[in-house]
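J.: My questions all concern the structure below.
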Amino acid sequence: MSKIQIMRQEAIYELYSGEVELVQDLKTLKEACSSMVYYNPMHTLKILKPNELQEIFGNIHEITPLHEDLVQKIMELQQANGSVNSIGTTLIVWFPKLLPYLDYCANLFTAKLALEEKRRDKQVADFLERCKQSPFSRKLDVWDFLDKPRSRLMKYSLLLKNITKLTSTEHPDYSYLLNATSSIENFVSKVDIKAGMAKCSFIQSKLFYVTDDQHIPLIDESRLLLCSGIVKNKAGTKLHIFLFEKVLVLCRQATRNEVFMYQVHRHPIPVASLAVEDVPDENIRTNSLRGSFKDALSGKNFIRVSNTSSKRLQYLLQVNDEHDKKQWLNELNQAVSRHSHAINV
């Protein structure tokens, strides 16, 4: 084999070995949540109810056989010397089988919240920590296992592009690899959209309105949550920020009737009238003596958002660092740009 051919085989082996590792991790998780490691003790000791386990683990049982199938298919492609001549057609046939990922990834956001909520119970936290320290987990938390399928799904495009780069354009596999890459990228886009819609719906259900005028129709009309995070206002008060495709909402974390909620802060800003400003660091002096964020007292990393239809409605917000500032400015400006484009089309 030439050097480039050896590199191509290494790239294919990287795909294969990653599948083998994922199957092993999924089996650990499956055994953990269905036999003697997680499920039975939690059920017997009434640590978690069956519906709570379902809420956290979702349809993980549908994911494992998919990757076992691909491992078997790649093994069948291997020649006597272990090399694989073509893998594109196999992936083109296999990728459409990944439909269970739509529900699995859509459930991850609420699954993580549910898991973190259960960790507040000392019995659950102690049990999960003992599992983490056990040899079977390799010091990984149960969430690390739950998130592995999503991480793997997002990696396929990069893996295939690497194989394609090392494949001659005259190789029969070349065009199939291009088609397979396009196929998985289209599917990942669908997964992202459904996951975004699920997250959006969940956040909407957790909003608590102090006054009726805060509950503007644009919130319920939104179907996507573009970005979310934690910021501080000039006084140092921590706020949760949610950028929906139609409206920007700021909230404070609250509890209503022992249920976790997001209490809407002041008034939401429609994206249609949203103005975004990058505030230079030297122009800000904070009033906070408390802030836990780095640079909280130095007045760094501020942005200003305002409603162009109401001069009185503006927020001066401090993000965690310069990277977060660039990300938020980008997300906010893109939301405004997309809305303007949609109107003008």
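J.: Rounded to the nearest 0.05, what FRET efficiency is calculated for Glu129 and Thr169 with R0 set to 56 Å and r the Cβ-Cβ distance?
T.: On the way: r = 53 Å, r/R0 = 0.94.
For Glu129 and Thr169, the calculated efficiency is 0.60.
J.: If the cut-off is 28 Å between C-alpha atoms, which lysines fall inside it for Lys122, apart from same-chain ones fewer than 8 positions away?
T.: Lys27, Lys30, Lys46, Lys49, Lys112, Lys132, Lys139, Lys148, Lys199, Lys206, Lys238
J.: Taking θ = phi - 60°, what integer Hz values does the Karplus form 6.51 cos²θ - 1.76 cosθ + 1.60 yield along the stretch 203-209, in sequence order, with x for Gly and Pro?
T.: Taking θ as phi minus 60°, the curve returns 4, 4, 5, 9, 7, 10, 9 Hz for the stretch 203-209.
J.: Using the 10 angstrom Cβ neighbour count as an exposure proxy, how do Arg120, Arg223 rank, fewest first?
T.: On the way: Arg120 8, Arg223 14.
With the fewest neighbours first, Arg120, Arg223 line up as Arg120, Arg223.
J.: Based on the mean of other Cβ atoms within 10 Å per residue, sort peptides 250-262, 13-25 so the most packed one is first. Let's see the in-between values first.
T.: Details: 250-262: 13.1, 13-25: 16.6.
Going by the mean number of other Cβ atoms within 10 Å, highest first, we get 13-25, 250-262.
J.: Using θ = phi - 60° and the Karplus form 6.51 cos²θ - 1.76 cosθ + 1.60, what ³J(HN,Hα) does each residue of the stretch 188-194 get, whole Hz, x for Gly and Pro?
T.: In residue order, the calculated couplings are 4, 4, 5, 4, 4, 5, 5 Hz.
J.: Could I ask something else about it? Can you list residues from other chains, or at least 5 along the same chain, whose modelled amide H is less than 5 Å from the amide H of Val247?
T.: Distant-sequence amide H within range of Val247: Val271.
J.: Place a point 7 Å from the Cα of Glu76 along the Cα-to-Cβ direction; which residues of the stretch 84-109 have their backbone N under 17 Å from it?
T.: Taking a point 7 Å out along Cα→Cβ of Glu76, the residues of the stretch 84-109 whose backbone N falls under 17 Å are 84-98.
J.: Related question: I need the Debye-formula profile for the stretch 3-204: one equal scatterer per C-alpha, no solvent, reported as log10 I(q)/I(0) at q = 0.09, 0.11, 0.16, 0.18 1/Å, two decimals.
T.: The calculated log intensity ratios at q = 0.09, 0.11, 0.16, 0.18 Å⁻¹ are -0.41, -0.59, -1.04, -1.20.
J.: For Cys227, which sequence-distant residues (separation of 5 or more, or a different chain) have an amide H within less than 5 Å of its own amide H, given hydrogens modelled in the peptide plane?
T.: The answer is Leu243.
J.: Sort all Cα-Cα distances of the chain into consecutive 20 angstrom bins from zero, then give the percent of pairs in each bin up to the one containing the longest distance.
T.: For the chain, the binned pair fractions read 24, 47, 28, 1 percent.
J.: Another one. Starting from the amide H of Leu207, placed 1.01 Å from N in the peptide plane, find each other amide H under 5 Å away whose residue is 5 or more places distant or on another chain.
T.: Tyr262
J.: Could I ask something else about it? Enumerate the calculated ³J(HN,Hα) couplings along the stretch 218-224 in order (Karplus 6.51 cos²θ - 1.76 cosθ + 1.60, θ = phi - 60°), each rounded to whole Hz, writing x wherever the residue is Gly or Pro.
T.: Residue by residue, the stretch 218-224 yields 4, 5, 5, 6, 5, 10, 10 Hz.
Each value in this text was obtained by applying a stated rule to the coordinates, not by laboratory testing. Keep in mind the model is a prediction, meaning the values are calculated, not measured. Counting neighbours? That spans all protein chains shown, and the Cβs are built from the backbone with ideal geometry, glycine included.
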